[in-house]
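The structure that follows is given in the form of structure tokens.
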Amino acid sequence: MGERQDVPPVWLMRQAGRYLPEYRALRAEKGGFLALVNDSEAAAEITLQPIRRFGMDGAILFSDILMVPLALGQDLWFETGEGPRLAPKLVARDVLDGLAPNMAALDPVYETVRRVKAMLDPSVTLLGFAGSPWTVATYMIAGQGSREQAEARRLAYADPGLMQALVDCITHCTIDYLQGQIDAGVEAIQLFDSWAGSLSPAQFEQWVIAPNARIAAAFKGKVPVIGFPKGAGGKLAAYARETGVDALGLDETVDPAWAHANLPADLPVQGNLDPLALIAGGETLDTAIDRILAAFADRPHVFNLGHGIQQDTPIDRVEHVLRRIRG
């Protein structure tokens, strides 16, 4: 990572997943989402499905950012049609102190990495990932996803000591978790901070930049670290400077021309096609692709989406993106 390619490498966030009929067939056979994550043979197969179908340049591990709360001792399950649930909700210090960590819960993920690595063509990069501490904390506190992250933001204001203890705990576990993925064979890692955009500038410094800087420092010189603070907007430049990540993922709300003008000149970027433009197709899609390619023509760039691929994405749209990028 760090050298501009005439044809940018391509992978798509959530490329291994439910828009693919082969994924849906395997899920119907094996059971729910968490069952797939913990079935290393199935998870490895899902990781490889988009590589076989599309010839992506990167394979992203099939897992979930909430494996860390599971390892820290929360119960984790998925409600059909509603998403993840965690218990007990982390709303007081005694709840955090009462969790019984079980790092063995992460062993199936490491086995998935080993299986994929053994089957993957060496020309394809194997990417691991984890949720960034702030985003993981929002789920641990609310017990589920929350669009405004109000419970976590309220706790951060009311009891910053508890929030700091929780973020420190998640950060430490995340470093161990990512090191386990690296030991098993991943060649790069991405930090997903899906809810970074909900914070004020001061909170962004404390709960996003500071812990991500600790994680990035732990892997400096080992593997490339891609930071993805979704919704960060104008705070992206500070994130890039202060975290020390090796590359920066851009969500679909970021103007590529602005990013190129305001980010460090030698910093590789990843993104940032709108997943809904991918669904729309036609001239809308082509214009968006061309605009991104033009903006990043003079810097290292990994073509990707600005967030995860939607489940109703037509497969021929993905094929079209690859043809247009690769000529």
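Under the Karplus relation 6.51 cos²θ - 1.76 cosθ + 1.60, θ = phi - 60°, what is the ordered set of whole-Hz ³J(HN,Hα) values for region 106-120, x standing for Gly and Pro?
Going residue by residue, I get 8, 4, x, 5, 5, 5, 4, 4, 4, 5, 5, 4, 5, 9, 7 Hz, with x marking Gly and Pro.
Starting from the residue with the highest accessible area, list His320, His301 in decreasing order, probe 1.4 Å.
Numbers: His320 55, His301 20 Å².
Sorted by accessible area, descending: His320, His301.
Does anything in region 129-159 have its amide N under 18 Å from the 7 Å Cα→Cβ label point of Asp183, and if so which residues?
Answer for this model: 129-130.
For region 176-272, build the charge dipole from Cβ charges (+1 Lys, Arg; -1 Asp, Glu) around the Cα centre, then report which of Leu248, Leu263, Ala210 sits farthest towards its positive end.
About the Cα centre, the residue reaching furthest to the positive side is Ala210.
Quick check: Cα centre of region 7-78 to Cα centre of region 141-161, how many Å?
Answer, in whole Å: 28.
Given the -39500 (n - 2.57) contribution per DSSP H run of 4+ residues, what per-residue ellipticity at 222 nm results for the chain, rounded to the nearest 500 deg cm²/dmol?
Values: 16 runs with 160 residues, N = 327.
Calculated mean residue ellipticity at 222 nm is -14500 deg cm²/dmol.
May I pose another question? From the square roots a ≥ b ≥ c of the eigenvalues of the alpha-carbon gyration tensor of region 153-192, which class results: rounded (a/c under 1.5), prolate (a/b over b/c), or oblate? Don't skip to the answer; put the middle values down first.
Working: a/c = 6.80, a/b = 2.85, b/c = 2.39.
Judged from the Cα gyration tensor, region 153-192 comes out prolate (a/c at least 1.5, a/b above b/c).
Would you mind working out the accessible area per residue for region 199-327, using a 1.4 Å probe, and quoting it in Å²?
Details: 5060 Å² over 129 residues.
Here the per-residue accessible area is 39 Å².
For region 182-221 and region 252-272, what is the separation of their C-alpha centers, rounded to whole Å?
18 Å
Okay, next question. Just how much of Tyr177 is accessible, in Å², when a 1.4 Å probe is used and the result is rounded to the nearest 10?
0 Å²
With the dipole of region 35-127 worked out from charges on the C-beta (+1 for Lys and Arg, -1 for Asp and Glu) around the Cα centre, which of Pro69, Ala44, Ala104 lies farthest toward the positive end?
Toward the positive end, the furthest listed residue is Ala44.
Here is a further query. From the phi of every residue in region 43-50, what ³J(HN,Hα) in whole Hz does the Karplus formula 6.51 cos²θ - 1.76 cosθ + 1.60 yield, where θ is phi - 60° and glycine or proline is x?
Karplus-based 3J(HN,Hα) across region 43-50 equals 5, 5, 4, 5, 4, 8, 4, x Hz.
The values are calculated or read from the model by the stated rules, or taken from the named source; none is laboratory data. This is a predicted model, so every value here is computed, not measured. Cβ atoms come from the backbone with ideal geometry, glycine included; neighbour counts cover every protein chain shown. Calculation scope for accessible area: heavy atoms of the full protein, side chains included, ligands and nucleic acids excluded. Shrake-Rupley method; radii C 1.70, N 1.55, O 1.52, S 1.80 Å.
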